[in-house]
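Chemist: Take this structure, written in structure tokens, and hold onto it; I'll ask about it next.
The values are calculated or read from the model by the stated rules, or taken from the named source; none is laboratory data. The shown structure was predicted, so the numbers you read here are calculated from the model rather than taken from an experiment. Here the Cβ positions follow ideal geometry from the backbone for every residue, glycine too, while neighbour counts run over all protein chains shown.
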Amino acid sequence: MFWFSFEWVWDMGHIVFMGGLWYALGILGIGMSYVIIKSVKETFYEDSTGHGDNH
Amino acid sequence: MDSALIPKGVKRCSLPVFIAGLTPVVLVLLWGVYAMLLCWLKGLNQTNMNDSYGFALWIWADLAVIAIGGGAFFSGLLKYIFGKDELKNIINYAVLIGFICYSSALLILAIDVGQPLRSWFIFWHANVHSMLTEVAFCLSCYFAVLTIEYIPLILENRKLDEIPLIHNISHNMHGIMAVFAATGAFLSCFHQGSLGGVAGVLYGRPYVFREHILVWPWTFFLFTWSAAAFGPCFTILITKITEGITGKKLVKDNVISLLAKISGWMIFTYIIAKIIDTFYWATVTAPELGFVWSDFFTGDRSSVLFHGYWLLFAEIVLCGIIPGLILISKKHRENKTLLLTAVTLGTIGVCLNRWTMVMQPMAMPVMTFDSWNLYIPSWQEVATTILPVAYGIILIAISFRYLPIFPQEVELNPIKE
């Protein structure tokens, strides 16, 4: 639910619940975006020789 | 035939043997899928749900798989946040088991809601006064975390890993896995707790109603605690079963012993808290609501068979105190038979706990004119509850065959030329 939805009310319940959801999704989205951008950069724009198997 | 896909340095059975071994499990899976389609196409009249049991057998299966899947978040927390680095040798398997458990929980929910196409309603038309909304949010987000944790394992497949971009994605995902693991632990604590909280706030169900700290009843904390305590038991149990089926040692004893020790202390402390909670409920909470605690365990012959004192004894003593005592003792947890006994009892214990918290309260009479409600699930419910087990076996088999799940396997099982 977004703040522009007709059901939205600016109360603590909505802010905590939906804020928590978007916060968690934000961390996952930013984390995965970082991984993909970094990987594309390393693969196509840097002279990468691989990372070995030390994960 | 598929040898190019099998990880280097390990030995697997031939593809025909693998397929033949999986065939009976696939048949069970198809039986479950058939029952699932019946529920979706014909509706929930395929179940034995009634006014007393509005969530059917599935609600117990849901809570049980979420509890035993707790090994994933707790192992991740121990490895990435508390620095227990030895657990890197079992974390992949814990993640896989967690992924299976949580995807199963979501599948069961998709059947239970009856209208899976409207599942998004809970996000768009969220009831922000419901603990179940929090559960739905955290469960979905945590499943996303588990998927993110499982993806690098898939990408490490021998053939996929040869592609530079995929190799880099896998490597970089490992690099920030601590962030995902911390997010997962946070989400898990809340949804495990809220599943307990849902029961604890039911003042109309005095068997599960509990006192509160702010808005959280004791059951909130007990559920999170028990998932962290018993989840690793299930991880160890499945690891031992896998070792038995494959005839290989896959994880070194010191890793299992460490996880078992931590699990043992968590169980031991949890069971003390559970006993205090039960004692307070029996002597204060229930009497204040007008009940004597024996009311909850006595009734006619059939109700005692399903909901008698034996259940309390089995949950707290047999499947709580005993596995806790075994696992905290170094001598006992290093004895293979006792270890296996303890983790099996622990797994049964947490499933029993979820049973008593969601099924037992619905069976008990609350009003003077009520009688005990007993519930027999339909075959469709049974089939769809067994479905995740078959799905889990298949996913474990495929992952074990093609992915480097156990980092110590090569060292522990050198191939003789």
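Chemist: Only residues in region B:116-141 that are within 11 Å of chain A (Cβ to nearest Cβ) and assigned to a helix (DSSP H, G or I) count as the first member; pair them with residues that are among the polar types (S, T, N, Q) and surrounded by fewer than 19 Cβ atoms within 10 Å (Cβ to Cβ), Cβ under 6 angstrom, at least 6 apart or cross-chain, and list the lot.
Modeler: Cβ pairs passing all conditions: B:Thr133/B:Asn127.
For every residue, the table says whether it meets (1) within 9 Å of another protein chain (Cβ to nearest Cβ); (2) modelled with pLDDT of 90 or more; (3) assigned to a helix (DSSP H, G or I).
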{"position": "A:Met1", "(1), (2), (3)": "yes, no, no"}
{"position": "A:Phe6", "(1), (2), (3)": "no, no, no"}
{"position": "A:Trp10", "(1), (2), (3)": "no, yes, no"}
{"position": "A:Ala24", "(1), (2), (3)": "yes, yes, yes"}
{"position": "A:Ile37", "(1), (2), (3)": "no, yes, yes"}
{"position": "A:Val40", "(1), (2), (3)": "yes, yes, yes"}
{"position": "A:Ser48", "(1), (2), (3)": "yes, no, no"}
{"position": "A:His51", "(1), (2), (3)": "yes, no, no"}
{"position": "A:His55", "(1), (2), (3)": "yes, no, no"}
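Chemist: Now for a different question. Condition check: in contact with a Gly (Cβ under 7 Å, 6 or more places away or on another chain), part of a helix (DSSP H, G or I) and either within 11 Å of another protein chain (Cβ to nearest Cβ) or over 30 Å from B:Asn92 (Cα atoms) (or both). Does B:Val179 satisfy that?
Modeler: yes
Chemist: If I go through region B:361-373 residue by residue, how many of them are of a type outside the set (Asp, Glu) and out of contact with any Ser or Thr (no Cβ under 6 Å at 6 or more places or on another chain)?
Modeler: Summing the residues that are of a type outside the set (Asp, Glu) and out of contact with any Ser or Thr (no Cβ under 6 Å at 6 or more places or on another chain) in region B:361-373 gives 8.
Chemist: Let me ask another. Restricting to region A:4-18, name every residue that is more than 13 Å from B:Trp124 (Cβ to Cβ) and loosely packed, with under 12 Cβ neighbours inside 10 Å.
Modeler: A:Val9, A:Trp10, A:Asp11, A:Met12
Chemist: Counting just the residues of region B:216-245 that are of a type in the set (Val, Ile, Thr) and touching a helix residue (DSSP H, G or I) at 6+ places or on another chain (Cβ under 8 Å), which one comes out nearest to the other protein chains (Cβ to nearest Cβ)?
Modeler: This residue is B:Thr224.
Chemist: Within 10 Å of chain A (Cβ to nearest Cβ), under 19 Å from B:Gly70 (Cβ atoms) and either in a helix (DSSP H, G or I) or not β-branched (Val, Ile, Thr) (or both): does that describe B:Ala144?
Modeler: Yes.
Chemist: If you take just the helices (runs of 4 or more DSSP H) that sit entirely in region B:347-417, which of them hold at least 3 residues that are surrounded by 15 or more Cβ atoms within 10 Å (Cβ to Cβ), at pLDDT 95 or above and touching a helix residue (DSSP H, G or I) at 6+ places or on another chain (Cβ under 9 Å)?
Modeler: Details: elements: B:360-363, B:379-402, B:409-412.
Hits in region B:347-417: B:379-402.
Chemist: Looking at (1) over 30 Å from B:Ile256 (Cβ atoms); (2) free of Cβ contacts under 8 Å to residues at least 24 places away in the same chain, which is the one condition that is false for B:Phe82?
Modeler: (1)
Chemist: Inspect region B:231-251 for any residue being within 28 Å of B:Ile398 (Cβ to Cβ), among the basic types (Lys, Arg) and part of a loop (DSSP other than H, G, I, E, B) and give the result as yes or no.
Modeler: Looking through region B:231-251, at least one residue is within 28 Å of B:Ile398 (Cβ to Cβ), among the basic types (Lys, Arg) and part of a loop (DSSP other than H, G, I, E, B).
Chemist: Residues that are surrounded by 17 or more Cβ atoms within 10 Å (Cβ to Cβ): which helices (runs of 4 or more DSSP H) entirely in region B:264-336 hold 3 or more of them? So that I can check it myself, show each step before the final result.
Modeler: Working: elements: B:301-307, B:309-313, B:322-328, B:330-333.
Per the criteria, B:322-328.
Chemist: Condition test on B:Tyr207, is it among the hydroxyl-bearing types (Ser, Thr, Tyr), farther than 23 Å from B:Ser329 by Cβ and in a loop (DSSP other than H, G, I, E, B)?
Modeler: yes
Chemist: Let me ask you something else. What is the one condition in (1) at pLDDT 90 or above; (2) farther than 23 Å from B:Ala182 by Cβ; (3) more than 7 Å from chain B (Cβ to nearest Cβ) that A:Ile30 does not satisfy?
Modeler: Condition not satisfied by A:Ile30: (2).
Chemist: Considering only region B:147-160, state which residues are over 13 Å from B:Phe180 (Cβ atoms), within 11 Å of chain A (Cβ to nearest Cβ) and out of contact with any Leu (no Cβ under 7 Å at 6 or more places or on another chain).
Modeler: Of everything in region B:147-160, just one residue is over 13 Å from B:Phe180 (Cβ atoms), within 11 Å of chain A (Cβ to nearest Cβ) and out of contact with any Leu (no Cβ under 7 Å at 6 or more places or on another chain), namely B:Leu155.
Results for (1) surrounded by 18 or more Cβ atoms within 10 Å (Cβ to Cβ); (2) over 17 Å from B:Ile393 (Cβ atoms), shown as yes or no for each residue.
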{"position": "B:Asp2", "(1), (2)": "no, yes"}
{"position": "B:Leu15", "(1), (2)": "no, yes"}
{"position": "B:Leu29", "(1), (2)": "yes, no"}
{"position": "B:Leu37", "(1), (2)": "no, yes"}
{"position": "B:Thr47", "(1), (2)": "yes, yes"}
{"position": "B:Asp51", "(1), (2)": "no, yes"}
{"position": "B:Ala56", "(1), (2)": "yes, yes"}
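Chemist: Restricting to region B:182-196, give me the number of residues that are more than 14 Å from chain A (Cβ to nearest Cβ) and small (Gly, Ala, Ser).
Modeler: 1
Chemist: Can you give me the number of residues within region B:148-164 that are surrounded by fewer than 15 Cβ atoms within 10 Å (Cβ to Cβ) and assigned to a helix (DSSP H, G or I)?
Modeler: So the answer is 2.
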